[in-house]
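The structure appears below as structure tokens.
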Amino acid sequence: MENVLNIAVGILLDGLAYGMVLFIISVGLSVTMGLMGFVNLAHGAFAMAGGYVTVSAMSGFGVPFLAALPIAFVVVGAASVLFERLLYARLYRAGELDQVLLTIGLVFMAIAAFTFFYGPSPRPIQVPEFLRGSVDLGFRSLAAYRLFMVVVGAAMVVVLWYGFERTSLGARIRAAVDNRRMAQSVGIDVDRLFTLTFAVGSGLAALGGGLAINIMGLTPTFAIQYLVFFLIVVAVGGAGSIKGPLVAALLLGVTDNAGKYLYPDGGAFFIYAATIALLVAKPAGLYGRE
Amino acid sequence: MSAPILETRDLHKSFGALQVAREINFSLEPGARHALIGPNGAGKTSFVNLITGVLRPSAGRVLLDGKDITRTPQAERARRGIARTYQINQLFRGLSVLENVCLAVGERTGACNNLWRPAGASGGRAVIDEALGLLEALRIEEDALKRVSELPYGRQRLVEIAIALGQKPRVLLLDEPAAGVPSAESHIILEVIEHLPRDIAVLIIEHDMDVVFRFAREITVLVAGAILTQGTPEQIAADEQVREVYLGSEAHG
Amino acid sequence: MAASEHIAATEAAAQYLLRRHRWHWAEALPWLVAIAAFFVFPGYVPLGTQILIWILFALSLDLVLGYAGIVTLGHAAFFGTGAYAAGLLAAKLGWGEPISGLVFAAFCAALVGFVSGWVLLRYHGLTLLMLTLATAIMLYELGNARADLTGGFDGLLGIAMKPLLGAFDYDLYGRTNYVYALAVLFVLFLVARRIVYSPFGQAIIGIRENVRRMSAVGSPVHRRLVTIYTVSAAMAGVAGGLYAQTNAFVTLGALSFERSATVLIILILGGTGRLYGAFIGALVFLLLEDHLAKQSPEYWEFGVGVVLVLTVLFARRGLFGLFEDAGRALARRRK
């Protein structure tokens, strides 16, 4: 009995850590989708790029892990602005199909490019000493890295919450998500706002991608492999919010972990069945509007 | 006085704190020529949406021919005889004018249930002929094969009405039919409205008082979701309340 | 306009709509090319068979995406269902008669299409996209979970087909399979063409163009969409069944996101909403893939991405649209 409880708690904690990374990666997608309604299937590619920037910074330039993450954030965030201005902006008024096709095309390009430069094998990294091993929490021990992810995730939640609820920029974003036309008529430059949000969102995805290397593995197919999960987090959580993706990401992380443990062969089946059931019941997501 | 063809009883609709419809008791006679006027935001289009089934009321009932249709979905209400036009054109822009009207006629006659016969073959001829007849009645038959997106806005507005007429409705709701039409062409719209079949009950939302007083035999004034008053054009023109709320100091009539 | 001119003009309009479904001489071309290729390129016949199967698959997607405007990332669900239905029928139940196998595949896929369509097609936008994607992946995972039945990633083996129509056995050059696939494609193409030109087909196009107005004129939108979705699923199922029978092999790849994405790209490349876009897209894509992908898979994948981006931005109506534009430009030159 005690053993079962121990295992359950283990699955829960690991799942929470995993969910936090999913959240960090997906939150940008949620906000940009809520703001512009733009279906960006290449979001996973930005996360993947962040992973590779982290790898290169560490192995190529000897940058320590904790510094490599913000570098990934900045580099990918800045690069994403180019994509947004040159490509994405052309399709804001286009149908969803066009946006899906454009971003799928970008994903293919990304996978091919990264395979070419980094090869198809997984790229591991050496996390710093203090993040290896386990930490004694009192009632049980937890892998230090997992704890680190939870801490970073929680910090992100606080920063994002503060940014959204307490700053004027956040207020403007919330206004534009709520009613774009009205926001424009009160003088909010929605296009500039979107570029900024897109850059931050992609940067966060990159940061999450760097964090994810150690637990999800980094290969050039990362962009597509986990894309569905990012989409589920946003769709089930509710595009445009922060709370929704947080809840959905944590749920997904724990469920996927549990599934892998209990039904290693077909556990994923339940995730998709649950996604369908949730979306059918709440098409706008758990915390979505309309 | 024959039984009303369309009725709403105690119709309420609110979105949270916002009440777009309050206790609306309204009836439309067969063959009516009824105008619905009121300031912007009074809830006129919402009222039409409640009648057509796009919005579900918070309370109250909608009746068609005495039968309760409050729970009936929009498409079913359309099949039972309620047609509407939109303030901003809702057309099939990529298709030709004739195809636009054929869709309405084809859905009504059940032709569109057929997966197998070409749209042109037997059965299809009847649909096409009826649609062409409507285009002729509205005098846009020369645009029959032109793409709707290529037409000037005034002609598009006529297609908007033609589609609704293709449903052979018993109740026709026109939402600002002349809106957006250049003043040089708006008389065409007015002529069309004047020559609508006598047996259709027509409710028209309008801001243009010329149109209202020329066309309507009965006027309802809606303010902040509730009916302020109803009456004949003469009564409404003389009504002090209406003048203050809506017509301002320059009253017509 | 004089009265007689007037009547002539409206009659001309009526005649245009009445005659639109008639066969144009150029429509014989794809079939002539397919028959000619059989004799002129005997070495390419097996590839040709797969091209024909992809054409059928893309055609089924065109009904749903090009004509009805339903954006789906999970069309492989129906292809894969058909593939496993036909494959399991032959491998596990020993029923090797090919045509009845296809009928069974169509039926199974149609069932999945009907049930999923009935639930999903009430939604739109991101929700619908996610639901179609999740449905396909769910089936993929189901196939993975029951690898004991499906053979999982290693694949389903032991698909042995009886001679076609009892008389034509399968030769090493794949000729019987080619003719088989061509005949099936032809028949189902005729069905698709009829549906598209029917009043129902017009209503489907109307739903794509303005679903709000269709509802307002009394169209039973949900019913219409479920119908076309089911027909499309059946067709994709037949393509899957052909795939299983002609390859004598099925893997989970038949249900994968890659397959859904590929058929989507093929159709976009060729051109949606014209039926023949499926032909052009599949032919061009698969011939190029056959030549280029082996040499350098990264360059191929990168190229597909680039072409897709360029197509969406600059050639939205695909190759078929480009041909049409070229044709119109030529016609204007002649004047």
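The values are calculated or read from the model by the stated rules, or taken from the named source; none is laboratory data. Treat the numbers as computed from the prediction; the structure is a model and nothing was measured. Positions of Cβ are backbone-derived with ideal geometry, glycine not excepted, and every protein chain shown enters the neighbour counts.
Overview of results
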| quantity | calculated |
| --- | --- |
| Only listed residue being touching a strand residue (DSSP E or B) at 6+ places or on another chain (Cβ under 9 Å) and touching a residue at least 60 places away in the same chain (Cβ under 8 Å), chosen from C:G87, C:G74, C:G66 | C:G87 |
| Hits in segment C:167-187 - residues which are part of a helix (DSSP H, G or I) and either touching a residue at least 60 places away in the same chain (Cβ under 8 Å) or among the charged types (D, E, K, R) (or both) | C:R175, C:N177, C:Y178, C:V179, C:Y180, C:A181, C:L182, C:V184, C:L185, C:F186 |
| Sole residue being surrounded by fewer than 18 Cβ atoms within 10 Å (Cβ to Cβ) and of a type outside the set (G, A, S), chosen from C:V263, C:V306 | C:V306 |
| Unique match (being within 9 Å of chain C (Cβ to nearest Cβ), touching a helix residue (DSSP H, G or I) at 6+ places or on another chain (Cβ under 9 Å) and surrounded by 19 or more Cβ atoms within 10 Å (Cβ to Cβ)) among B:L132, B:L158 | B:L132 |
| Test: residue in segment B:191-202 that is in contact (Cβ under 8 Å) with a residue 60 or more places away in the chain, within 14 Å of chain C (Cβ to nearest Cβ) and crowded, with 19+ Cβ neighbours inside 10 Å | no |
| Subset of segment A:30-57 [part of a helix (DSSP H, G or I) and under 20 Å from A:A175 (Cβ atoms)] | A:S30, A:V31, A:T32, A:M33, A:G34, A:L35, A:M36 |
| Filtered residues of segment B:100-119 (kept if more than 7 Å from every other protein chain (Cβ to nearest Cβ) and surrounded by fewer than 24 Cβ atoms within 10 Å (Cβ to Cβ)) | B:T109, B:G110 |
| Selection within segment B:201-220 - of a type in the set (V, I, T) and either over 26 Å from B:L158 (Cα atoms) or out of contact with any Gly (no Cβ under 7 Å at 6 or more places or on another chain) (or both) | B:V202, B:I204, B:I205, B:V211, B:V212, B:T220 |
| Every residue from segment C:179-204 that is surrounded by 19 or more Cβ atoms within 10 Å (Cβ to Cβ) and either in contact with a Pro (Cβ under 8 Å, 6 or more places away or on another chain) or facing chain B (nearest Cβ under 7 Å) (or both) | C:Y180, C:I195, C:Y197, C:S198, C:P199, C:F200, C:Q202, C:A203 |
| Test: residue in segment A:3-11 that is surrounded by 16 or more Cβ atoms within 10 Å (Cβ to Cβ) and either among the polar types (S, T, N, Q) or part of a helix (DSSP H, G or I) (or both) | yes |
| Search result, residues across segment C:211-262 that are touching a Ser or Thr at 6+ places or on another chain (Cβ under 6 Å) and within 14 Å of chain B (Cβ to nearest Cβ) | C:V221, C:S232, C:M235 |
| Helices (runs of 4 or more DSSP H) contained in segment A:175-290 and holding at least 3 residues among the hydrophobic types (A, V, I, L, M, F, W, C) | A:190-216, A:222-225, A:227-237, A:243-262, A:268-281 |
| Checklist (1) part of a helix (DSSP H, G or I); (2) in contact with a Ser or Thr (Cβ under 8 Å, 6 or more places away or on another chain) applied to C:L102, failing item | (2) |
| Qualifying helices (runs of 4 or more DSSP H) (wholly inside segment C:1-72; at least 2 residues being under 20 Å from the mean Cα position of the chain (by Cα) and away from every other protein chain (no Cβ under 14 Å)) | C:29-40, C:45-61 |
| Enumeration of residues in segment A:141-187 that are without any contact (Cβ under 8 Å) to a residue 12 or more places away in the chain and of a type in the set (S, T, Y) | A:S141, A:Y162, A:T167, A:S168, A:S185 |
| Test: residue in segment C:4-13 that is surrounded by fewer than 24 Cβ atoms within 10 Å (Cβ to Cβ) and charged (D, E, K, R) | yes |
| Some residue of segment C:288-299 being touching a residue at least 60 places away in the same chain (Cβ under 8 Å) and either surrounded by 14 or more Cβ atoms within 10 Å (Cβ to Cβ) or not aromatic (F, W, Y) (or both) | yes |
| Residue within segment A:73-96 that is farther than 27 Å from A:R172 by Cβ and part of a helix (DSSP H, G or I) present | no |
| Matching residues in segment C:127-170 - criterion: being within 17 Å of A:G285 (Cα to Cα), surrounded by 23 or more Cβ atoms within 10 Å (Cβ to Cβ) and among the aliphatic types (A, V, I, L, M) | C:L129, C:M130, C:L131, C:L133, C:A134 |
| Elements of type strands (runs of 3 or more DSSP E) in segment B:1-88, at least 2 residues being within 26 Å of B:D239 (Cβ to Cβ) | B:6-15, B:18-28, B:33-37 |
| Every residue from segment C:122-166 that is under 25 Å from C:P98 (Cα atoms), in contact (Cβ under 8 Å) with a residue 40 or more places away in the chain, within 13 Å of another protein chain (Cβ to nearest Cβ) and not polar (S, T, N, Q) | C:L139, C:Y140, C:G143, C:L149, C:G152, C:F153 |
| Residue identified as under 20 Å from the mean Cα position of the chain (by Cα), surrounded by fewer than 24 Cβ atoms within 10 Å (Cβ to Cβ), within 13 Å of chain C (Cβ to nearest Cβ) and closer than 23 Å to A:N179 by Cα among A:A235, A:A284 | A:A284 |
| Some residue of segment B:152-169 being farther than 18 Å from C:A216 by Cβ and in contact with a Lys or Arg (Cβ under 8 Å, 6 or more places away or on another chain) | no |
| Residue within segment C:90-106 that is crowded, with 18+ Cβ neighbours inside 10 Å and either farther than 20 Å from C:N247 by Cβ or within 14 Å of chain A (Cβ to nearest Cβ) (or both) present | no |
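Okay, residues lined up against (1) touching a Phe, Trp or Tyr at 6+ places or on another chain (Cβ under 8 Å); (2) among the aliphatic types (A, V, I, L, M); (3) free of Cβ contacts under 8 Å to residues at least 60 places away in the same chain:
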position	(1), (2), (3)
A:N40	yes, no, no
A:A45	no, yes, no
A:F73	no, no, no
A:A78	no, yes, no
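So that you can scan it fast, the table gives a plain yes or no per residue for (1) of a type outside the set (D, E, K, R); (2) within 17 Å of A:G28 (Cα to Cα); (3) away from chain C (no Cβ under 13 Å):
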residue	(1), (2), (3)
A:T103	yes, yes, no
A:F130	yes, no, yes
A:A154	yes, yes, yes
A:R172	no, yes, yes
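Here is a yes/no grid of residues against (1) among the polar types (S, T, N, Q); (2) at pLDDT 85 or above; (3) farther than 23 Å from A:I213 by Cα:
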site	(1), (2), (3)
A:F114	no, yes, no
A:P120	no, yes, no
A:L131	no, no, no
A:A155	no, yes, no
A:G163	no, yes, yes
A:R180	no, no, yes
